[in-house]
Amino acid sequence: MRTLRLISTTLLIVVLCLNFTSCSDDNESKKNVIILADDTQRELTFSAKEETKEIKFTSSESWSAYIYYSSENDWITVTPTEGGAGENTISIKVNSNSQYSYRGVTLGIRIPKQETQIYITQEGKEDILYTQNIEVAGTLYELLGTYDMHKLKLTGYLNGTDVATIRKMPLTEIDLSDVNIVGGGTYTVHYIGLGTGEYRGSTSDNVFPSYFFYDKTTIQSVVLPNTITMIDARAFAYCENLSSIVIPNGVTEIGMEAFRECKGLTSITIPNSVTKIGYEAFQACESITSITIPNSVTKIANGAFRFCTNLTSIIIPNSVIDIDDYAFQNCSGLTSIVIGNGIKRLPTYVFGGCTSLSSIIIPANVETIETKAFKDCSALKEIHVKNPLPPTVYDAFSTYSHVVLYVPIGSKEAYQNHSIWGKFSTIIEE
């Protein structure tokens, strides 16, 4: 019995000690506290303008305040930076933000054993469309006095000197519809490709210049001048975020690699004035799903649409009489192709690697099909040839055993006896 009482007494003492310790810890934690007057003050947002806000709080003892990485944040001022116990107010002042991007810091209020953090953000300046008329070509920088432009509409006259100015701007959109491009002035562009180098250019009347927006990854939207007749080489090459382009009526030629690897473009309208689509003009525009080739086009150059992997259908109008090698090579999403009646020759690799293409109609006017024109078209199941005389064909196809060849009525024997066409195991007249 005495042993039981001893155990009970010992347990009571332990419990009392634990309670005393717990109370001591609670009292200690209550001594070291910072209590914000309003919990929403843990995150403060300032406008882009100069502005001051206050933080009210209660502290259990002396405190200090500081900005993390203060050496990099001279745009923000905190006063006072220290104080005593009781109710306190800190004033936070921010300078106006001349940049378009937001900026932020963390404010720490510290006492022994505790720190409260306040997250402070200031918005960037308003991203407005700025309009400027250029009465004298070559004077754009003198008129603006800055390169810090995101959205710009220009009117008047523009030359190579102005191109150099525009290339230095972090533009996201530009409207040049009322601009006249004139000869004069120079600009320099560092380029990449098969090698690296420097392109030194100048402008010509009514020609959208070579390398104008070359590799400008900020640009998203462009309206071209209404007066231009040509988009010159690499004008928009590697503009990976370009998603909108307005090409005016009056443009007759889209130059070499003009839109190469513009991976943000999903569609493009080619005006009914264009007669030539240049070498690799739209190569690797991998997001384009549709494109309309107008019936004004007569030539599609080498590799013009190569690696447009999301392009699903294409209509080559009857006006096209010349189509070059590799024009649609590796357009792996193509499921539908209409070849116009103006084509007499299907060149090397013209549709090679179009792995989603299951059926193709080759019109009656096609006389020659070059080597590997349909190489690696692995989904191809049907070929409809409309010429009663077997076209001259080289090693154009990758497989013959699983593809049905349809030929005009009365021409089956001619195709069967042909050294290449005769390789198809199934030939049906229609």
Kindly provide the set of residues from the range 105-152 that are of a type in the set (A, V, I, L, M, F, W, C) and closer than 30 Å to Ser59 by Cα, ordered by number. Val105, Leu107, Ile109, Ile111, Ile118, Ile120
Matching residues in the range 101-114 - criterion: being loosely packed, with under 13 Cβ neighbours inside 10 Å and either charged (D, E, K, R) or more than 35 Å from the chain's Cα centre (by Cα) (or both): Pro112, Lys113
Boolean, Val246 is touching a residue at least 60 places away in the same chain (Cβ under 8 Å), of a type outside the set (Phe, Trp, Tyr) and out of contact with any helix residue (DSSP H, G or I) (no Cβ under 9 Å at 6 or more places or on another chain): yes
Residues of the range 123-158 being over 17 Å from Asp178 (Cα atoms) and part of a strand (DSSP E or B), in sequence order, are none
Failed item in (1) under 14 Å from Glu115 (Cα atoms); (2) under 40 Å from the mean Cα position of the chain (by Cα); (3) among the small types (Gly, Ala, Ser), with Ser47 passing the rest: (1)
Can you say whether Asn365 is surrounded by fewer than 19 Cβ atoms within 10 Å (Cβ to Cβ), assigned to a loop (DSSP other than H, G, I, E, B) and free of Cβ contacts under 8 Å to residues at least 40 places away in the same chain, as far as the supplied structure shows? yes
Going by the structure shown, is Ser401 assigned by the TED database to the domain that holds Ala304, crowded, with 16+ Cβ neighbours inside 10 Å and part of a loop (DSSP other than H, G, I, E, B)? no
What is the number of the single condition among (1) touching a strand residue (DSSP E or B) at 6+ places or on another chain (Cβ under 7 Å); (2) over 20 Å from Met230 (Cβ atoms) that Tyr141 does not meet? (1)
Could you tell me whether Lys93 is in the same structural domain as Arg42 (by the TED database), out of contact with any Pro (no Cβ under 7 Å at 6 or more places or on another chain) and among the basic types (Lys, Arg)? yes
Checking Leu107, Leu176, Leu171 in turn, the sole residue that is without any contact (Cβ under 8 Å) to a residue 60 or more places away in the chain, assigned to a strand (DSSP E or B) and either closer than 21 Å to Asp215 by Cα or of a type in the set (S, T, N, Q) (or both) turns out to be Leu176
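The values are calculated or read from the model by the stated rules, or taken from the named source; none is laboratory data. Every value quoted in this text rests on a predicted model; they were computed, and no experiment measured them. Cβ atoms come from the backbone with ideal geometry, glycine included; neighbour counts cover every protein chain shown.
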